[in-house]
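Chemist: I am attaching a structure below and will ask some questions about it afterwards.
The values are calculated or read from the model by the stated rules, or taken from the named source; none is laboratory data. Keep in mind it's a predicted model, so treat the numbers as computed, not measured. Glycine gets a Cβ as well: all are built from the backbone with ideal geometry, and neighbour counts include every protein chain shown.
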Amino acid sequence: MKYADRTGRIHGSDTLQDRYLRLLYGSLPGRLLLKPLVHPAISRIGGRLLDSPLSSALIGPFIRSCGISVRGCEIPPGGSYRSFNAFFTRSLKEGARPFDMDPDVLCSPCDGLVSAYPISRNRHFSIKHTDYTLDQLLKDRKLASRYTGGTALVFRLTVSDYHRYAYIDDGKRSSYRRIPGVLHTVNPSAAASRPIYKENTREYSLIKSQNFGTVLMMEVGAMMVGKIMNHHKAYTSLDVFRGQEKGYFAFGGSTVILLFEPGAIRTDSDILRNTALDIETKVRMGEPVGRRS
């Protein structure tokens with residue numbers, strides 16, 4: 001898996017996991033194995049195991065293997081995490097991920113690897129050579145028409161990323177919808193062969209933002225992510241604020257997708273350039289990724 005940092009340097013290489021997933025998704029025996037693996041029940045079972053106190057033994061090896069820094073993290077009562085998932089969904093200390101408060105600046109809602117895709121006039125866009133339509137993604141043809149000609153920003157979180165996400169602007173959250181599905185991995189090896197973002201369980205909200213129009217913010221679950229934990233699901237209307245936590249993912253890689261109406265934003269040039277080269281760009285929550293048009 002290759003990605004670029006904001007200086008333009010390319011990092012990463014083909015890993016054993018990448019090769020395994022290509023074999024799993026690219027061969028008939030592998031695809032036969034996938035059916036039980038992507039069922040949400042499997043992720044729920046895995047989630048229960050990772051919620052158990054016994055799973056805390058996995059935290060140290062996970063930190064070392066992924067090179068995770070715990071500086072800036074909130075320390076739990078007693079000084080240790082009660083389970084692996086308690087560590088995975090950890091909070092950061094206040095100010096660890098400051099948002100740029102310039103109203104013209106579009107900030108990343110999360111840590112992760114971002115790509116930018118234009119949405120064509122027939123509501124199509126392509127992620128990792130896989131074609132999508134907004135109708136398939138949203139299950140709402142009328143809503144999809146609002147974003148025709150706009151921009152999709154896709155933030156893919158890996159297991160080593162901080163797994164909480166935030167609202168990108170002040171405004172009003174006006175609706176919420178959950179679309180049940182299966183749970184494929186969001187690794188690019190899978191995305192290149194399966195339309196994972198229209199098959200996976202996902203949730204989305206509409207945010208009438210002060211500076212970027214009506215933004216659709218979607219969270220996509222992934223293999224071993226049995227939970228998309230959005231806050232305030234019961235509210236139909238809610239005032240929200242730039243940098244306010246919207247929710248978090250339990251264990252696994254996951255994805256946040258932002259859809260913008262035509263002419264609402266200008267994505268940073270390095271992200272556009274990297275996407276054209278099929279390279280993701282590493283960003284952190286609160287970091288600028290574009291501007292208001």
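Chemist: From the set of residues in the stretch 262-284 that are of a type in the set (A, V, I, L, M, F, W, C) and modelled with pLDDT of 95 or more, which is farthest from residue 113 (Cα to Cα)?
Modeler: We begin by selecting, within the stretch 262-284, every residue of a type in the set (A, V, I, L, M, F, W, C); these are 264-265, 271-272, 276-277, 279, 283.
Filter once more, keeping what is modelled with pLDDT of 95 or more: 264-265, 271-272, 283.
Numbers: 264: 22, 265: 19, 271: 10, 272: 13, 283: 6 Å.
By that ranking, first place goes to 264.
To keep it simple, each residue is scored yes or no on (1) under 18 Å from the mean Cα position of the chain (by Cα); (2) among the small types (Gly, Ala, Ser); (3) surrounded by fewer than 14 Cβ atoms within 10 Å (Cβ to Cβ).
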{"site": "54", "(1), (2), (3)": "no, no, yes"}
{"site": "63", "(1), (2), (3)": "no, no, no"}
{"site": "79", "(1), (2), (3)": "no, yes, yes"}
{"site": "82", "(1), (2), (3)": "no, no, no"}
{"site": "114", "(1), (2), (3)": "yes, no, no"}
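Chemist: For the stretch 65-111, give me each residue that is within 28 Å of residue 278 (Cα to Cα) and hydrophobic (A, V, I, L, M, F, W, C).
Modeler: 66, 68, 99, 105, 106, 107, 110
Chemist: Restricted to the stretch 207-222, and to residues that are in contact (Cβ under 8 Å) with a residue 60 or more places away in the chain and either of a type in the set (Val, Ile, Thr) or part of a strand (DSSP E or B) (or both), which residue is surrounded by the fewest Cβ atoms within 10 Å (Cβ to Cβ)? Let's see the steps before the verdict.
Modeler: Initial filter on the stretch 207-222 (in contact (Cβ under 8 Å) with a residue 60 or more places away in the chain): 210-212, 214, 216-218, 221.
Subset that is either of a type in the set (Val, Ile, Thr) or part of a strand (DSSP E or B) (or both): 214, 216-218.
Values: 214: 18, 216: 24, 217: 24, 218: 21.
Ranking the qualifying residues of the stretch 207-222, first place goes to 214.
Chemist: From the list 75, 68, exactly one residue is free of Cβ contacts under 8 Å to residues at least 12 places away in the same chain and among the β-branched types (Val, Ile, Thr). Which is it? Please lay out each step first, then the result.
Modeler: Numbers: 68 fails: free of Cβ contacts under 8 Å to residues at least 12 places away in the same chain.
That would be 75, the only listed residue that is free of Cβ contacts under 8 Å to residues at least 12 places away in the same chain and among the β-branched types (Val, Ile, Thr).
Chemist: OK, next. Check residue 170 against each of (1) touching a Phe, Trp or Tyr at 6+ places or on another chain (Cβ under 6 Å); (2) within 29 Å of residue 199 (Cβ to Cβ); (3) at pLDDT 90 or above and name the one condition it does not meet.
Modeler: Of everything listed in (1) touching a Phe, Trp or Tyr at 6+ places or on another chain (Cβ under 6 Å); (2) within 29 Å of residue 199 (Cβ to Cβ); (3) at pLDDT 90 or above, residue 170 misses just condition (2).
Chemist: I need a count of the residues in the stretch 124-163 that are under 20 Å from residue 207 (Cα atoms), charged (D, E, K, R) and assigned to a loop (DSSP other than H, G, I, E, B). Outline the logic, then answer.
Modeler: Taking the stretch 124-163 and keeping what is under 20 Å from residue 207 (Cα atoms), we get 134-135, 137-155.
With charged (D, E, K, R) added as a condition, the list becomes 135, 139-142, 146.
Imposing the further condition that a residue be assigned to a loop (DSSP other than H, G, I, E, B) reduces the set to 139-140.
Going through the stretch 124-163 one residue at a time, the tally reaches 2.
Chemist: Let me ask something else about it. Out of the residues in the stretch 91-105 meeting the condition of being without any contact (Cβ under 8 Å) to a residue 24 or more places away in the chain and not acidic (Asp, Glu), tell me which one is farthest from residue 292 (Cα to Cα).
Modeler: Residues of the stretch 91-105 that are without any contact (Cβ under 8 Å) to a residue 24 or more places away in the chain, as a first pass: 93-95, 102.
With the extra rule that they be not acidic (Asp, Glu), the set shrinks to 93, 95.
Details: 93: 29, 95: 24 Å.
Only one residue fits best here, namely 93.
Chemist: In this structure, does residue 120 turn out to be outside any loop (DSSP other than H, G, I, E, B), among the polar types (S, T, N, Q) and more than 21 Å from the chain's Cα centre (by Cα)? Break it down into steps so the answer makes sense when it comes.
Modeler: Details: outside any loop (DSSP other than H, G, I, E, B): no; among the polar types (S, T, N, Q): yes; more than 21 Å from the chain's Cα centre (by Cα): yes.
When the stated conditions are applied, residue 120 does not pass them.
Chemist: Report, by residue number, each residue of the stretch 103-152 that is closer than 20 Å to residue 246 by Cα and acidic (Asp, Glu). Please lay out each step first, then the result.
Modeler: Of all residues in the stretch 103-152, those closer than 20 Å to residue 246 by Cα come to 103, 105-114, 138, 152.
Hit for the stretch 103-152 is 111, nothing else.
Chemist: Sticking with this structure for a sec: Out of the residues in the stretch 200-217 that are farther than 22 Å from residue 104 by Cα and touching a helix residue (DSSP H, G or I) at 6+ places or on another chain (Cβ under 9 Å), state the one that is modelled with the lowest pLDDT.
Modeler: Looking at residues that are farther than 22 Å from residue 104 by Cα and touching a helix residue (DSSP H, G or I) at 6+ places or on another chain (Cβ under 9 Å), I get 201.
Chemist: Just to verify a result, which residue in the stretch 223-261, among those that are in a loop (DSSP other than H, G, I, E, B) and modelled with pLDDT of 95 or more, is surrounded by the fewest Cβ atoms within 10 Å (Cβ to Cβ)? Give the steps one after another, and end with the answer.
Modeler: Step one: of the stretch 223-261, the residues in a loop (DSSP other than H, G, I, E, B) are 223-227, 231-237, 241-244, 250-253, 261.
Next, from what is left, pick out any that are modelled with pLDDT of 95 or more: 241-244, 261.
Details: 241: 11, 242: 20, 243: 19, 244: 14, 261: 18.
Per the stated criteria, the residue is 241.
Chemist: Condition test on residue 114, is it within 19 Å of residue 274 (Cβ to Cβ), aliphatic (A, V, I, L, M) and touching a helix residue (DSSP H, G or I) at 6+ places or on another chain (Cβ under 8 Å)? Before you say what the answer is, go through the steps one by one.
Modeler: Numbers: within 19 Å of residue 274 (Cβ to Cβ): yes; aliphatic (A, V, I, L, M): yes; touching a helix residue (DSSP H, G or I) at 6+ places or on another chain (Cβ under 8 Å): yes.
Judged against the criteria, residue 114 is a match.
Chemist: Here is a check on your reading of the model: is residue 178 basic (Lys, Arg), at pLDDT 90 or above and either surrounded by fewer than 22 Cβ atoms within 10 Å (Cβ to Cβ) or in the same structural domain as residue 207 (by TED's automatic domain parsing) (or both)? Even if it seems obvious, please write down each step before you answer.
Modeler: Values: basic (Lys, Arg): yes; at pLDDT 90 or above: no; either surrounded by fewer than 22 Cβ atoms within 10 Å (Cβ to Cβ) or in the same structural domain as residue 207 (by TED's automatic domain parsing) (or both): yes.
Spelling it out, it is not the case that residue 178 is basic (Lys, Arg), at pLDDT 90 or above and either surrounded by fewer than 22 Cβ atoms within 10 Å (Cβ to Cβ) or in the same structural domain as residue 207 (by TED's automatic domain parsing) (or both).
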